[in-house]
Number of protein chains: 2
Amino acid sequence: MDMLSLIASRHSYRGKYLPTPVPREHLAAIMQAGLQAPSGCNKQTTSLIGVDDPAVLEKLHAVIQPPAGNTAPAMICVLGKRIIAYRDKCYWIQDYAAAIENMLLAAVALGYQSCWYEGHVTDADRIGYQMQKMLGVPDDYELVCFLPIGVAAEPVTEKAKKPFEERAWFNHFPEEKNP
Amino acid sequence: MDMLSLIASRHSYRGKYLPTPVPREHLAAIMQAGLQAPSGCNKQTTSLIGVDDPAVLEKLHAVIQPPAGNTAPAMICVLGKRIIAYRDKCYWIQDYAAAIENMLLAAVALGYQSCWYEGHVTDADRIGYQMQKMLGVPDDYELVCFLPIGVAAEPVTEKAKKPFEERAWFNHFPEEKNP
């Protein structure tokens with residue numbers, strides 16, 4: 001599949017996963033794709049923990065409430081660090097978002113599905129913080145997102161998106177939308 | 001080129017561009033890839049303006065100081081909207097960052113180079129705001145980034161990145177890094 005088709009075929013998958021294991025080399029390749037994303041001033045503020053040990057997955061999923069991606073045989077936890085890029089500017093959110101998008105695409109390229117779970121773990125109940133303590137991650141990192149990785153057991157469905165013409169234009173913002 | 005190789009081959013390109021025009025269908029395909037990125041709660045907070053009119057490019061580049069990507073025959077301006085996804089949560093930065101990463105990859109897939117210019121236009125001098133006024137973009141959008149799009153006239157070089165082992169681990173944060 002070419003790149004543009006692959007980008008078009010990526011959808012957030014919230015269904016059940018098959019128990020088919022994710023080989024360590026696939027998990028590492030997906031993580032490597034994440035690390036290859038650009039970062040503001042090349043600060044590389046994003047780090048990752050791949051989880052494929054069933055005992056660790058079980059512990060993590062015990063605190064992820066409501067459950068999400070808990071049938072997936074692997075998971076990637078995304079860690080961000082609020083490192084200043086220059087002056088007072090910090091691009092850690094842009095950095096980890098680009099890394100996540102690369103990983104979602106790499107997962108699909110290798111035949112897996114995933115979903116970007118962020119609000120789920122960074123909300124007031126701080127599930128991400130509990131997860132990072134379980135993984136031994138020091139407090140100068142923040143666990144901001146997890147990605148279940150596995151083969152879909154159900155059809156991958158697509159959420160409706162606005163048409164191109166409502167979100168993209170050429171050379172000028174459309175006059176009729178700007179009274 | 002497969003997806004993983006393509007992700008690995010994407011680098012921020014700051015060199016000169018060839019005058020070779022970017023066909024409108026290529027520019028649109030890159031923008032479409034951006035719109036296909038996921039967004040928090042599917043709020044689709046990112047919009048785009050593709051610029052391939054030389055007169056508009058010239059106007060925009062007159063305010064982009066210091067100059068950046070000014071030899072590229074096309075540009076994509078990225079507009080974000082601070083739309084609340086749920087409760088008090090807004091994921092507009094994640095949304096546009098994922099869209100930008102998709103566009104950078106799509107550009108490389110089609111034989112072009114680009115670079116994520118964000119701090120350049122969102123700094124205190126608010127170059128992005130001047131650009132958005134020129135493009136007729138209303139104030140509920142924010143021009144947060146521009147991507148030059150064109151064929152590289154110089155070699156594409158790679159910035160050094162930390163090795164995998166310094167940013168990625170399996171099942172537990174490394175004990176020796178957490179005293």
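Annotations
- Qualifying positions in the range A:42-61 - closer than 16 Å to B:R167 by Cβ and either more than 7 Å from every other protein chain (Cβ to nearest Cβ) or in a strand (DSSP E or B) (or both): A:K43, A:T45, A:T46, A:S47, A:L48, A:I49, A:G50, A:V51
- Within the range B:45-67, the set of residues being of a type outside the set (D, E, K, R) and crowded, with 17+ Cβ neighbours inside 10 Å comprises B:T45, B:T46, B:S47, B:L48, B:I49, B:G50, B:V51, B:V56, B:L57, B:L60, B:H61, B:I64.
- The residue that is farthest from the other protein chains (Cβ to nearest Cβ), among those in the range A:109-120 that are under 20 Å from A:H26 (Cα atoms) and within 12 Å of the chain's Cα centre (by Cα), is A:Q113.
- Considering residues of the range A:148-168 that are within 26 Å of A:T71 (Cβ to Cβ) and surrounded by fewer than 13 Cβ atoms within 10 Å (Cβ to Cβ) only, the residue nearest to the other protein chains (Cβ to nearest Cβ): A:K159
- Only one of the listed residues (B:A33, B:A37) is part of a helix (DSSP H, G or I), under 14 Å from the mean Cα position of the chain (by Cα) and either under 22 Å from B:D140 (Cα atoms) or within 7 Å of chain A (Cβ to nearest Cβ) (or both). That residue is B:A33.
- Selection count, the range B:1-10, where residues are in contact (Cβ under 8 Å) with a residue 60 or more places away in the chain and either surrounded by fewer than 18 Cβ atoms within 10 Å (Cβ to Cβ) or over 17 Å from A:P38 (Cβ atoms) (or both): 2
- Take the conditions (1) at pLDDT 95 or above; (2) facing chain A (nearest Cβ under 8 Å); B:P23 misses just one of them, which is (2).
- Consider the range A:126-137 and keep the residues that are within 16 Å of A:T46 (Cβ to Cβ) and facing chain B (nearest Cβ under 7 Å). The one that is surrounded by the fewest Cβ atoms within 10 Å (Cβ to Cβ) is A:L135.
- Condition met for A:N102 (surrounded by 20 or more Cβ atoms within 10 Å (Cβ to Cβ) and at pLDDT 95 or above): yes
- Options B:D140, B:D123, B:D95: the member that is within 11 Å of chain A (Cβ to nearest Cβ), over 12 Å from B:Y13 (Cα atoms), surrounded by fewer than 14 Cβ atoms within 10 Å (Cβ to Cβ) and in contact (Cβ under 8 Å) with a residue 24 or more places away in the chain: B:D140
The values are calculated or read from the model by the stated rules, or taken from the named source; none is laboratory data. All figures in this text were calculated on a predicted structure; none of them were measured in a lab. Every residue, glycine among them, receives a Cβ derived from its backbone with ideal geometry; neighbour counts consider all protein chains shown.
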